[in-house]
Amino acid sequence: MRVSSAPPPVASASLPEVAPADGPGGVNRRDFVRVCLTAAAAIGLSASAAAAIAEAVTRGVKPSVIWLHFQECTGCTELLLRTSHPDVGSLILDLISLDYHETLLAAAGHQADAALEKAMADNKGKYVCIIEGAIPTKENGIYCMIGGRTAIDIVNEVAADAGAIIAIGSCASWGGVPSADPNPTGATGAPMVLKGKTVVTIPGCPANPYNLLGTVLQYATLKTLPELDDKGRPKWAYGRTIHEHCPRRAHFDAGRFAQQFGDEGHRQGYCLYKLGCKGPATHANCSTNHFGEVPDAWPIGLGHPCFGCTEQKLGFRVPLHDTVDIERPTPPDTYPGVGTPQGNVGAVATGVVGAVVGAALTAGYLASKKVSPDATEPGNDR
Ligand code: SF4
């Protein structure tokens, strides 16, 4: 399998010619095209790649997906099924062949086991193995058993003949909430169990369905996996921190912070850093790809500090209201050159720098306007 950094050229067919009059599964054509475009754009592909995806799907070329569940709340699956505008859950089920999924399977017991064996045999070496949930390792893995077999046995068997392996959610990526101290079951992630194999991790609690969809469709249509960071995360989705694209960033740069939940600054939508926001140290695309396709449906959009759920060192480990260090505390127009080394800055220093820089900018602005600042403005640190 190739791991690509730059997608190869794809067919140049135009979307209107390849998309069906009515999309797969009764989804209307407009929604179908929109999801293909969104998925292609999400993984950094061109509109012509969306055409290739749409064409492959209308020809019936769907990747076989085997979805395993272990220690988790099923939140990643639940979010996948509850997306809307359009109903991405339905579209995903149309774009892939979901041959085994313990939550959605109508069969049970031996019938379910038979479905898994058939899916593996029919698509040997080609299927996508998606793992949701942590894998307990203590006591030889007895804390998660399905059909008399441990999660360790099952994941090793299914992953052995997979064409691609994806760990969805923070639990499968490194252990997530089941691995929180004192981690009584020895919960860990799929990459730690499947040592030596390429495991694409899509952390998040829950993970954004578009990040999964983009990865699966790239594998299905281009036979490549996205370029990954050192934690196995696709760079197109996890290459930047939430802080870099946060809609509250202007408040941070100006030194305007909510001091406590419900205060005037919080009501005004000020920066949540002092309430413990982990956005400056959290790599994810939540701020640009909201959940369920609903505008502002993500923690900071709803007024809650980022929890850092995509970062093993933060999520379920660092207390909610503890602040984090910030690598680049100053506004974008004062960034140093690209090659200049930058050190980490402590939480207190960060607030001071944000306030000083904001004050300097504001002073210049006010001087130009010949007006005085309103010292009573809520949440204004100056
Ligand atoms: Fe947004 Fe959090 Fe950064 Fe404030 S600290 S700008 S709320 S990511």
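Quick one: if the Förster radius is 22 Å, what FRET efficiency do LEU320 and GLN259 give, using the C-beta to C-beta distance and rounding to 0.05?
FRET efficiency, LEU320 to GLN259: 0.90.
Between HIS245 and ASP296, what is 0.36 nm times their sequence separation minus the Cα-Cα distance? Round to one decimal in nm.
17.0 nm
R0 = 51 Å: FRET efficiency of ASP161 with ARG267, Cβ-based, nearest 0.05?
With a Förster radius of 51 Å, E is 0.40.
Order of 262-270, 280-288 by packing, highest average Cβ count within 10 Å first?
Result, highest mean first: 280-288, 262-270.
Loop-only check: which trypsin sites (Lys or Arg not before Pro) in the range 154-260 are DSSP coil with at most 16 other Cβ within 10 angstrom?
Those satisfying the criteria are LYS195, LYS197, LYS223, LYS231, ARG240.
Round to the nearest 0.05 the FRET efficiency obtained for GLU139 and GLU78 when R0 = 30 Å and r is the Cβ-Cβ distance.
For R0 = 30 Å, the calculated efficiency reads 0.55.
Rule-based calculations on the coordinates, nothing more; no lab input. Just so you know, these numbers come straight off a predicted model, no measurement behind them. No Cβ is skipped: glycine too gets one built from the backbone with ideal geometry, and neighbour counts run over all protein chains shown.
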